[in-house]
Amino acid sequence: MDSFLFGRLTFDDIAIFNVFRDFSMNELVASGAGWLEVLAAVGVVGLLTYYRVWGVFWREWLCSQDHKKIGIMYMVIGFVMMARGVAEGVVMRAHLATALDGGILAPQHFAELFSTHGTIMIFFVAMPFIAGFMNFLIPLQIGARDMAFPLMNLISLGLTAAGAMMLLVSLVVGQFETGGWAAYPPFTGKAFQPGVGPDYWIWAIVVSGFGSMLSGINFAVTIYKMRAPGMTYMRMPVFCWTALCTAILLTFAMPPLTVAALMQALDRYLDFHFFTNDRGGNMMNYANLFWMFGHPEVYILILPAYGIFSELTATYSAKTLYGYASLVLATMCIAVMSFTVWVHHFFTMGNSATVNVAFGIATMLIAIPTGVKMYVWLATLWRGRVRLTVPMIYLGGFMVLFVLGGLSGIILANPTINYQVHNSQFIVAHFHNVILPGVVFAVLAGVHMWFPKAFGFRLEERPAKISAVLWIVGFSVTFLPLYFVGLLGYPRRSASYSDATFEPYMIVTALGSLIILAAFVTFASVFWFSWRNRAALAVPLGDPWDGRTLEWATPAPVPEYNFPVIPEVASREAFAVEKAAGRPYVAPDEYEDIHLPAPSAVGFMICVAAGVFSFAMVWWMWWLAALALLAIPTILVVRSFSPDRHIIIPAAQVKAETQAWMRAIDEARGVTRDEELTNANRGYARTDLQEAA
Ligand code: HEM
Ligand SMILES: [Cu+2]
C-alpha cells in the first residue's frame, strides 16, 4: 500500500542495493554504475569543501546571470552527462559483443540502457552543448552586454539541470523506462509499464523542454533586439544566423514534445486514453506529435554545429567566408523545411503510399541546402592560409564522414528502401553518423577554438590532436560496420541474436567503442594538462587565432561587461576588416558606469523546486509535488516585488582595465600564423596583411 509520506517509494526501490539482493554480472554493472554516481557526487562535495570554494561557487557561478558563465555551466552539464552516456554506449556494445544467444546483461537492463543513453545524449548532452555555445557566443558576437532576459536565462539553465538530475537519480532510485528515447506509448503506457520508468522520462522531458523553449525565445529576442549599432542582419556572423534559426526551431518545436509528454502523463496518471489502443485512443497521435518535435530537433542540434564549422573554416584558413549569403539562405531553408518531413520517422506505420512519397521527397530536398554548405566550406578553404590545428582536424573528419551520413539519410528517405532497413542497425549507423561527426565534432572543435576566450589560456595541442584522431577512428570502427549489420537484418534495440554471422561485426564495433572511450578520456585529460601549463599557454590579449568576429576584439577571459563601450559595426566580419585597415582596438574617448544584473538565487531555487516536483510526481508523493509546484510561482512573485537589483561597474574601473589591456597590446609583438601554436602566442595575432607588408 502506498504511504502518504513516501507515496509508492519503498526501501526496495533503492536500486544500488540490488547487488546485495541478487549477486550477478547484470546487477554488478547496474548497481556498480549507481555506486560510481554516488561516489562522484560525494567526491565533488568533498572537493568543494576541501578547497573551501562553496562561497565562490554559489555567488560567482550558481547565482551568476552572466551569459558567459551560464554558457560554461551548460557545457559542464553536457560533459558530465556525456561521461555517463559514453560509458553506457561502451557497456551496451560489450553486451552485444557477447549477445550471441545471451549476453552479460539482462534484456530489461539492456533496454533501460539504450533508453537512458538515447535520452541523455540527445536532451542532456547535445542540447546543453548547443545551448552553451549559443549563450556564450551570441551576445559577444552581436556586440551586446548580455542576453535579453538574463534571469530567464538562469531559470532555463536550472530547468535543464533539474531534468538531467532526474536521469541521474533514476540510476540510484527506481528504474528507467525501456521504450527508447522517444518513449512510444502504448509500450510506455500504464498497462505495459506500470513502474516509475516512463514517469522519470516524462518529467525530465517536460521540465527541461520547458527550459529549452524559454531559451529559444531568449536567444531569438536577443538577436532581434540587442545587436550593436550598425550590425544589420546581413552583417551578423554566420554562427548568429544559425543560432537565430535554431532559436526559432526551439520556440516552435519544443511545445509539441512537452504537450505529448504531458498527454502521456494524463494517460498514465489519470487514465486518459490519448495514446492507448482502446476507448478511442490512438498511438499515432503520439508519433505525430513526437516527431513534429523530433525532426526539427536534429536541426536544432546541427544548425549551430554548421555555424561553428563556418566560423572555424574562415578563421583557420584566414579567409573571408565564401558565399555568406548562400549560407544564410541555406540555413533558413533548412530551418523551414525541417518542419515538413517528420513522417519519414514512421513510413512503415501504415500511411498511404502518396503520403509516404510526399514526405520522402520533402526529406530528400533538404540535401540541397546542406550540399550548398559543403561547397561553401570547401570554397572557403580553397587557397586559404590553412593550418592543421585541432579544430581543422575535426573539420576534416566531419566533411568526409558527415557526407556519408547524409547519403545514408537519402537512402532512408526513400520509402521503399526504408521498409527494408527500418528499425535495423542501419538506422543506428545513420543517426550516429550524423550526430557524432556533425554535432559532437563541432562541439569539440568549438571548445578548442573558444576555450581561450572563456578562460584566458589555450588548450594543449598535442593531446587534443590525439583525441581528435581517436574520435574519428573510433567513430568509424564503431559505427560504419553497423550499416552492414543492418543490411544483414539485425534489428536495433535487440538484446540478443541467434545468427553467428553478426558476431564478428559486434566484436569489431565493441572494440571501436573502446577507442571512443579513449578519445573521451584523452579529451578530458586535455583540460588537466592545459590547466597545469596555463601560465605558458595564456593569451590575455584575446585574439590568439587571428579571429574575424567581434568576440575576438575583447581580452581573454572576457570582462564581465564584455565591451567597455558598445562597439559600432560597419561591416561583416567586423574585427577582421578593422585589422586589415590597421585600426582595431581603438580606446573609447569616454567611459560610463556599466549596469549589470546582480547575482540571483532564483534560478537555483527554481531548479530545486522543479527537481523536487519531478521526483515527487514520479513517486506519487502528492503533498510534496503540490508544495514544489506552488513554490515556483511563489518564488517568481516574491522576486517580482524585490527592487530591481543591479551591480554597477564604475567607469573608472572600466577605464583602468581597458587602458591596461591597450598598453599590453601596444607592447606586444604580434605573432604570425606559423607561431600561433607556440608559447609566443599571447593572444595578439598579426594578420596576413601585416605579414605581407
Ligand atoms: C560515444 C559512443 C557511442 C556509442 C558506443 C553508442 C552506442 C549506442 C548503442 C549500442 C545504441 C543502441 C542501439 C540498439 O538499440 O541496438 C545507441 C543508441 C542511441 N544512441 Fe548512441 N552511442 C554513442 C554515442 C552517441 C551520441 C554522441 C549520441 C547523441 C548525441 C547518441 C545517441 C543515441 C540515440 C538517440 C540512440 C537511440 C536510443 C533508442 O534506441 O531510443 N549516441 N547508441
Ligand atoms: Cu527526421
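Odds and ends about this structure:
- In summary, the convex hull built on the alpha carbon positions of the range 613-693 has an orientation-averaged projected area of 12.3 nm².
- Each part reduced to its alpha carbon centroid, the range 352-410 and the range 193-251 end up 23 Å apart.
- A 1.4 Å probe run over the protein chains yields, for the chain, 40 Å² of accessible area per residue, whole-number rounding.
- Length gained on full extension, PHE484 to THR678, computed as 0.36 nm times the residue gap minus the Cα-Cα distance: 65.4 nm.
- Maximal additional length on extending the PHE4-ASN277 stretch stands at 95.1 nm, based on 0.36 nm per residue less the C-alpha distance.
- The ellipsoid that matches the Cα gyration tensor of the range 173-323 has semi-axes, each √(5λ) in whole angstrom, of 40, 15, 13, with the longest given first.
- Placing unit charges on the Cβ atoms only, positive for Lys and Arg and negative for Asp and Glu, gives the chain a dipole magnitude near 960 debye about its Cα centre.
- Angle of helix 353-365 to the longest C-alpha principal axis of the chain, folded into 0 to 90 degrees and rounded to 10: 20°.
- Kirkwood hydrodynamic radius of the range 522-603, Cα pairs, Å: 15.5
- If the convex hull is drawn through the Cα atoms of the range 573-633, its volume per residue in Å³: 144
- One chain, two ends: GLU560 and MET25. Fully extended at 0.36 nm per residue, the span grows by 187.5 nm beyond their Cα-Cα distance.
- Hull shadow area, averaged, the chain [alpha-carbon convex hull, nm²]: 30.6
- Looking at the range 22-131, the pairs of alpha carbons with a distance over 21 Å make up 51% of the total.
- Using a simple spin-label model with pseudo-atoms 7 Å out from Cα toward Cβ, ILE368 and THR320 lie 2.7 nm apart.
- Ranking by accessible area, most exposed first, for ASP593, ASP146, ASP13 with a 1.4 Å probe: ASP593, ASP13, ASP146
- The distance from the alpha carbon centre of the range 255-279 to that of the range 132-170 is 29 Å, rounded to a whole number.
- Computed on the Cα trace of the range 101-244, the radius of gyration divided by the Kirkwood hydrodynamic radius gives Rg/Rh = 1.13.
- Accessible area of the chain belonging to carbon and sulfur atoms, whole % at 1.4 Å probe: 70
- Here the label points at THR634 and ARG385, each 7 Å from Cα along the C-beta direction, are separated by 6.1 nm in the simple model.
- Helix 324-337 axis, angle to the chain major axis (alpha carbon atoms, nearest 10°): 20
The values are calculated or read from the model by the stated rules, or taken from the named source; none is laboratory data. Everything numeric in this text was worked out from a predicted model, so none of it was measured. For neighbour counting, all protein chains shown are included, and Cβ atoms are generated from backbone atoms with ideal geometry for every residue, glycine included. The accessibility values were calculated without ligands, DNA or RNA, using every heavy atom of the protein model including side chains. Shrake-Rupley method; radii C 1.70, N 1.55, O 1.52, S 1.80 Å.
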